[in-house]
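What follows is calculated from the coordinates using simple rules that are stated; it is not laboratory data. In this text the structure is predicted, and so the values were computed from the model without any measurement. Neighbour counts are summed over all protein chains in view; Cβ atoms, including those assigned to glycine, are modelled from backbone coordinates with ideal geometry.
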Amino acid sequence: MREVIRATGHPNVLAEHTSTFEVTTDDYLTPAGDCILAIEADRAPADFDAEFVEACQNRDATITAELAVGDRTERITGSGHPDLSFESERSAVGRTSDHVDERTVMIDADSPALGVDREIVEALADGADATLTLSVE
C-alpha cells in the first residue's frame, strides 16, 4: 500500500534538522523550518486511506518514504507504531526517534532531513517539484 504527496521546494529549504524530516501543506517557509523538505503539499496524513493507516499502526510495519526530485530519489526507511494517528491536516513528519504525535508518519527513520542528498536539497531550494511516496509493508 502507498500514499503519494506532491509538493514543491522553496528558497528557505535547508534540510539541516538532525532528527526529523517534514513535508507541509503550508505555502510559506521560514529559515527556522530546517526540517522541512517541501511545502504546498497537495495532501496531508488526514487524507490517507484508513487501510494504509491501519497497516502503519503495526509495530512490525516497515514504512518507506521515497522522495523524488527531478531524476534523483532519496529513500528513508522507518517503523510503524500503534499510536500513529495520521490526523494532521497540515504536515507529514518522519522521525528518527520514537516520538509520536498527529503529524508523525514513521518513527525510527534511518535518516533525518540532514541526511538527504544535498543535490536534492539544492534542487528543492531552487523551487523544484517533489513527490513523496510513502509505502508500508
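Brief remarks on what is shown
- Calculated from backbone phi, Karplus (6.51, -1.76, 1.60) coupling profile of the stretch 116-133 in Hz, x at Gly/Pro: 6, 2, 5, 5, 5, 4, 4, 5, 5, 5, 8, x, 5, 6, 9, 10, 10, 10
- Computed about its Cα centre, the charge dipole of the chain is approximately 160 debye, with only Lys, Arg, Asp and Glu carrying charge at their Cβ.
- Across the stretch 95-109, rounded Karplus estimates of 3J(HN,Hα) from the backbone phi angles (6.51 cos²θ - 1.76 cosθ + 1.60, θ = phi - 60°) give 10, 7, 8, 9, 5, 10, 9, 5, 8, 5, 10, 6, 10, 6, 4 Hz, Gly and Pro being marked x.
- Amide hydrogen neighbours beyond the local backbone of residue 43, cut-off 5 Å, H modeled: 6
- Relative contact order computed over the stretch 2-136 (Cα-Cα under 8 Å; 6+ residues apart), in percent: 35
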